[in-house]
């Protein structure tokens, strides 16, 4: 569809986790994880969205902030499930351990990628022709260290595995969007990059920061750092709306240009999966569709335990 919005069909998203994939629909999310014995653990959960109770929060720019918070909460739960189901019982993590790890990671992200460049470039304020150039230089540096960070961690074996599951997630969603059979061989022919990827969201955030931070001017350093923190919800809301527009108008020239940096960055954050990894993504996607169709809760056996699907022959 050239320059046209796509029909309003349910948009599925997801996230790569430890040896697995989380898939999310409008009202449910599911996670599938490869167990140490080769089986697949699958479970799903409803999404209790505050937007349903307070419709005002579902309006443009506000919904981006809510969705970001929900995504972080769901991602944390999915990560805990995958971390525990992908290892033996004696290696299980507690919610507190995972929560502390993610909190530290979030603080480091804000410190390194939001506040750090601001403090570093404060010395350049009198060396550049205008405040706008200061914000541009700061923004370019912020993007550069973010890309370098992703490339460096991508060299680690465990992170490469996560990036492969990331590619499997994208391929499966793309196959569904093109009404292709949800079979690993069929899914594998689709690209590992996707326009609605969270990587796109992050790179759009970093680009939007240049324009939003420029509105605050160049006040003293302490207020400049405080303004960076205060602007995070505004930036998240703007970036989310840009991402939605990119998904609705994928053939629009301006939208393609806006999404292109994120697609390029996915060359780093996604890798080609093998068929067993795509199988995991399919299991997660089928489960979230089953839950979205109206079935409730997690599939259970006669003892009330989550079903573990055997490895197919």
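We did not get these values from a lab; they are worked out from the coordinates using the rules stated. Owing to the predicted nature of the structure, the values given are computational and were not obtained by experimental measurement. Cβ coordinates were reconstructed from backbone atoms using ideal geometry, including for glycine residues, and neighbour counts include every protein chain displayed.
Sorted from largest to smallest, which semi-axis lengths in Å does the alpha carbon gyration tensor of the chain give for its equivalent ellipsoid, taking the root of 5 times each eigenvalue?
Details: eigenvalues 251, 96, 75 Å².
Sorted largest first and rounded, they come to 35, 22, 19 Å.
Highest GNM mean-square fluctuation, the chain, Cα pairs closer than 10 Å: which of 46, 60, 184?
60
In the Gaussian network model of the chain, springs joining C-alpha atoms below 10 Å, which of 134, 115, 152 carries the largest mean-square fluctuation?
152
How big is region 36-132 in terms of Cα radius of gyration and Dmax, in angstroms?
20.1, 62
Between region 22-50 and region 93-116, how many Å separate their Cα centres?
The distance from the Cα centre of region 22-50 to that of region 93-116 comes to 23 Å.
Would you work out the relative contact order for the chain, in percent, from Cα pairs under 8 angstrom that are 6 or more residues apart? Please report the intermediate quantities before stating the final value.
On the way: 449 pairs, mean separation 97.9, N = 313.
About 31 percent, as a whole number.
Report the gain in length on full extension from residue 189 to residue 244: 0.36 nm times residue separation, minus Cα-Cα distance, nm rounded to one decimal.
Working: separation 55, 0.36 × 55 = 19.80 nm, distance 2.51 nm.
That works out to 17.3 nm of additional length.
Region 234-284 to region 125-203: how many Å between their Cα centroids?
7
Hey, what angle do you get for helix 253-269 against the long axis of the chain, alpha-carbon based, 0 to 90 degrees rounded to 10?
Value to nearest ten degrees: 70.
For the chain, find the longest principal axis of its Cα atoms and tell me its angle to the long axis of helix 275-292, 0 to 90°, nearest 10.
90
Which angle between 0 and 90 degrees, to the nearest 10, do you get for helix 95-109 versus the longest principal axis of the chain when only C-alpha atoms count?
30
If we sort 159-167, 120-128 on the protection proxy, mean other Cβ atoms within 10 Å, highest first, what's the order?
Values: 159-167: 21.2, 120-128: 13.0.
Result, highest mean first: 159-167, 120-128.
Could you give the length gained on full extension between residue 104 and residue 257, defined as 0.36 nm per residue of separation minus the Cα-Cα distance, in nm?
Numbers: separation 153, 0.36 × 153 = 55.08 nm, distance 3.37 nm.
Between residue 104 and residue 257, full extension yields an extra 51.7 nm.
If each of residue 180 and residue 156 carries a label point 7 Å out from its Cα toward its Cβ, how far apart are those two points in nm?
Each label point is offset 7 Å from its Cα along the Cβ direction, giving 3.1 nm.
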